[in-house]
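Values quoted throughout were computed directly from the atomic coordinates according to the rules given, and no laboratory measurement underlies them. Computed from a predicted model, the values in this text were never measured in an experiment. In this analysis, Cβ positions are derived from the backbone assuming ideal geometry, glycine residues included, and neighbour counts consider all displayed protein chains.
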Amino acid sequence: MKKLILTMAIAVMGFTATFAQDSAKRAKRPMAKLTVEQRAEKSTSMMEKRLSLTADQKQKVYAIELDRAKKMEAFRTEDKAAIKGKMKERKAELEKSKADLDQILTNDQKSKLDAFRAEAKEKAGKMRRGMGRGRDKAPVVSSPPAQG
């Protein structure tokens, strides 16, 4: 009996240590604060890699991304009340930068970029649903007992 209790106690301590280490792996690492230029360079290099941009296209894309990043940074630094009032402005700026990019890219590059954007949107939706804020989930309804 003593051996059984001792064995169970050791097993419980072992499982506790194992699960305690597992949670440390999931700790989020802090996001680096990027400057406006770094954000523009990062998005440009991503597009260059995925879309095989030419040197001329890369320069034009960088200029568009830099402009977009500067405007988004200005939106972020404003107070919360002003941000809500300027959401239409912000969306208009995003649409303008997308249109500017579409003028630079070839049809093949546009289709690749659209596919990448759709994939990113899907990933973002999955992350939101994973955090419990999914709006497209059907509400759970219990079935009433049958009357009979």
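Around residue 48, with a cut-off of 13 angstrom between Cβ atoms, what is the net charge of the other residues, counting Lys and Arg +1 and Asp and Glu -1?
Charge balance in the 13 Å sphere: +3.
How would 84, 42 line up from fewest to most surrounding beta-carbon atoms within 10 angstrom?
So the residues, fewest neighbours to most, are 84, 42.
Taking the Cβ of residue 96 as the centre, find all other residues whose Cβ is under 13 Å away and add up their charges (Lys, Arg: +1; Asp, Glu: -1).
Details: positive: 68, 71, 88, 90, 91, 98; negative: 65, 67, 89, 93, 95, 100, 102.
Overall, the nearby charge balance is -1.
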